[in-house]
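Notes for the one structure printed next.
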Amino acid sequence: MKNKYEVFNETLDYFPKPIADILSKLPTRAVFGAAEIRLRSGRPLSVTVGGENLYVSVGGSLCHLLQQGLYIVSSEDINTTFRNMCNSSVYAYNQQIKNGYITLKNGCRAGLAATAIYEDGKISSFRSISSINIRLATEYKGCALPIANFLCGGLLIAGPPSSGKTTLLRDAIRLVSTGSLTERRRVAVVDTRGEIAAVNNGIPGNDLGPNCDVISSVEKAKGIEMAVRTLNPQVVAFDEIFSKEEAIEVRRAFFSGVDIFTTVHLGSVDEVYDRSAAMEILRSGAIKHFCFVPSVGIAPKVFRVTDRGGKVCLDSTFSELNVG
């Protein structure tokens, strides 16, 4: 299992040497707390540490305020980093790029801010990349232990961006696949963006246990269908349910006797009202437990999903919420 320090240093290989040298001087404590590295053309290099957006000086120190001596990212820095992330073959990564990201070999995801190019009404690629945001992915084995008793049946993990949803999902998959504190089951992971398994040359870089199969770089709805039809899973796991099409496939999988583990972006439990895809799978019966993660380091709250007279209800010792 790689720790944050190892993942951080692997990521430095994608940057131009001046940036890599500067970032290599950051204090060890900051490296272990780093969640993102951001490059914005014409603006200071920045790192997100403990939820704070900090600027990086040319000497490798972190600053809260704009001041002299900060490293200013150039357009060439952006272009060099982009080429390195694509391994000098942009075409090979075009499917990811047109969705606004690139998944790195160590499982980190690089989000792209750029000008979209359209063909036939659909985004075909991007040009003039102005920003790159690398989210540093790390395994935290054991982080799902507090919810181990809720891994029987479907699980929906919700929370704000960067709250640790994918990290919790990854460890839940490992616990079920390994049989640690739960019944050991076969898990099929639909890893559209490569963040869950970090597959490289067919081998998962992250530990998902011995009874896990991974389908990478396929749209989630299609991947769920493929997994159920061909891999005979007992659990299908994927990250960030977004569309009704995905929810429809979740419903089909559930009626095929398969449990679902997935995540959704929510700022609060109440926001589940406004997420049609999340409501769709809650109403389907595919989800037995709803887990809300407020932020990294804060214990999740688990709700039991029940149906009372046609209304979905989230029940727990923490609170009770009726969802229409």
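The values are calculated or read from the model by the stated rules, or taken from the named source; none is laboratory data. Just so you know, these numbers come straight off a predicted model, no measurement behind them. Positions of Cβ are generated from backbone atoms using ideal geometry, with glycine treated the same way; all protein chains shown enter the neighbour counts. Please note that ligands, DNA and RNA were not included when accessible areas were found on the heavy atoms of the full protein model with its side chains. Shrake-Rupley method; radii C 1.70, N 1.55, O 1.52, S 1.80 Å.
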(request) Can you confirm whether the stretch 76-94 contains a residue that is touching a residue at least 24 places away in the same chain (Cβ under 8 Å) and of a type in the set (Ser, Thr, Tyr)? (result) yes
(request) Kindly provide the set of residues from the stretch 204-214 that are over 19 Å from ILE102 (Cβ atoms) and out of contact with any Pro (no Cβ under 8 Å at 6 or more places or on another chain), ordered by number. (result) ASP207, LEU208, GLY209, PRO210, ASN211
(request) Taking the options ASP191, ASP213, name whichever one is under 24 Å from ARG275 (Cβ atoms) and either under 21 Å from the mean Cα position of the chain (by Cα) or open to solvent by 60 Å² or more (accessible area, probe 1.4 Å) (or both). (result) ASP191
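Considering each of THR182, THR192, THR178 in turn, give the residue that is touching a Gly at 6+ places or on another chain (Cβ under 7 Å) and farther than 30 Å from VAL47 by Cα.
After ruling out the rest, the residue left standing is THR178.
Anything in the stretch 182-207 that is over 22 Å from ALA286 (Cα atoms), in contact (Cβ under 8 Å) with a residue 12 or more places away in the chain and among the hydrophobic types (A, V, I, L, M, F, W, C)? List them, or say none.
ALA197, ALA198, VAL199
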(message) Name the residue that is nearest to GLU195 (Cα to Cα), counting only residues in the stretch 10-42 that are of a type in the set (Gly, Ala, Ser) and outside any helix (DSSP H, G or I).
(response) ALA35
(request) Working only within the stretch 90-116, note down all residues that are of a type in the set (Ser, Thr, Tyr), over 18 Å from the mean Cα position of the chain (by Cα) and surrounded by 15 or more Cβ atoms within 10 Å (Cβ to Cβ). (result) TYR93
(message) Among the residues in the stretch 247-260, are any surrounded by fewer than 17 Cβ atoms within 10 Å (Cβ to Cβ) and outside any helix (DSSP H, G or I)?
(response) yes
(request) From (1) surrounded by fewer than 22 Cβ atoms within 10 Å (Cβ to Cβ); (2) farther than 20 Å from ALA299 by Cα; (3) not aromatic (Phe, Trp, Tyr), pick out the condition that doesn't hold for PRO160. (result) (2)
(request) At least 3 residues that are at pLDDT 85 or above and open to solvent by less than 70 Å² (accessible area, probe 1.4 Å) in each: list the strands (runs of 3 or more DSSP E) lying fully within the stretch 261-324 that qualify. (result) 289-292, 301-308, 311-315
(request) Please find, among VAL7, VAL56, VAL47, the residue that is open to solvent by less than 60 Å² (accessible area, probe 1.4 Å), assigned to a helix (DSSP H, G or I), within 25 Å of SER163 (Cβ to Cβ) and of a type in the set (Val, Ile, Thr). (result) VAL7
(request) Could you tell me whether the stretch 216-230 includes any residue that is touching a residue at least 24 places away in the same chain (Cβ under 8 Å) and over 28 Å from ILE97 (Cβ atoms)? (result) yes
(message) So, in the stretch 172-183, how many residues would count as being in contact with a helix residue (DSSP H, G or I) (Cβ under 8 Å, 6 or more places away or on another chain) and modelled with pLDDT of 95 or more?
(response) 2
(message) Any residue that is open to solvent by less than 70 Å² (accessible area, probe 1.4 Å), assigned to a strand (DSSP E or B) and not small (Gly, Ala, Ser) - is there at least one of those in the stretch 69-83?
(response) yes
